[in-house]
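Since every read-out is calculated from the coordinates, none of them should be taken as a lab result. Only a predicted model underlies this, so the values are computations on that prediction, with no experimental measurement involved. Every residue, glycine as well, gets a Cβ built from its backbone with ideal geometry; the counts of neighbours run over all protein chains shown.
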Amino acid sequence: MTPPEAPKDGTNAAQGETPPAVSLRVDTLTKRADFQRASRALHVATTGFILQMRQRRPDETTAHPGGIRVGFTCSKKVGNAVARNRAKRRLREVARLILPQHGQPGMDYVLIGRRGATAELPFTQLQLDMHKALGILHGRRK
């Protein structure tokens with residue numbers, strides 16, 4: 001049985017402007033040592049969050065060596081547990097939308113929530129901040 005949106009002539013669907021469903025593997029950082037290594041690497045502070053980026057060494061073993069890894073953190077300065085969780089949810093969504101297309105393979109990214117900003121700023125502002133920070137870290141913008 002073919003789905004109703006499948007072409008009847010057997011050809012593939014036309015490629016449009018939409019990005020592919022999975023263009024690059026994004027894994028989550030979980031080990032404290034990975035966060036500490038990222039804290040000594042390049043970083044950019046934006047209105048909504050701080051973005052840290054580091055190139056993984058070739059000898060580091062990961063599940064997907066060419067993939068992107070991302071971590072999220074919010075300290076108690078951001079607010080109570082509800083505010084911290086909301087800030088991290090927003091950071092996760094920004095990373096999910098932007099990093100697969102604009103992140104570089106073999107990199108670790110850490111997003112750090114900011115007090116009074118990450119949970120309250122409009123979501124479009126967080127997305128713009130992410131594009132701007134990635135442009136600076138990847139050397140395309142000053």
Scan around THR47 for amide H atoms under 5 Å from its own, H built in the peptide plane at 1.01 Å from N, and keep only partners 5 or more places away or cross-chain. none
From the phi angles alone, apply the Karplus equation (6.51, -1.76, 1.60; θ = phi - 60°) to region 30-35 and give each ³J(HN,Hα) in whole Hz, x where the residue is Gly or Pro. 10, 8, 4, 4, 5, 5
Per the 1/(1 + (r/R0)^6) rule, R0 = 41 Å and r from the Cβ atoms of ALA33 and ASN80, FRET efficiency to 0.05 is 0.90
Residue by residue through region 104-117, what is 3J(HN,Hα) from phi via Karplus (6.51 cos²θ - 1.76 cosθ + 1.60, θ = phi - 60°)? Round to whole Hz and write x for glycine and proline. 9, x, x, 10, 10, 10, 10, 9, 10, x, 10, 4, x, 10
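Can you sort HIS43, HIS138 by how many other beta carbons sit within 10 Å, fewest first?
The fewest-first ordering by Cβ neighbours comes to HIS138, HIS43.
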Quote to one decimal, in nm, the extra length available between GLN104 and ARG92 on full extension: 0.36 nm per residue of separation minus the C-alpha distance between them. 2.6 nm
5 Å is the cut-off here: which amide hydrogens, built 1.01 Å from N in the peptide plane, fall below it relative to VAL70, excluding neighbours closer than 5 in sequence? ASP27, THR28, LEU29, TYR109
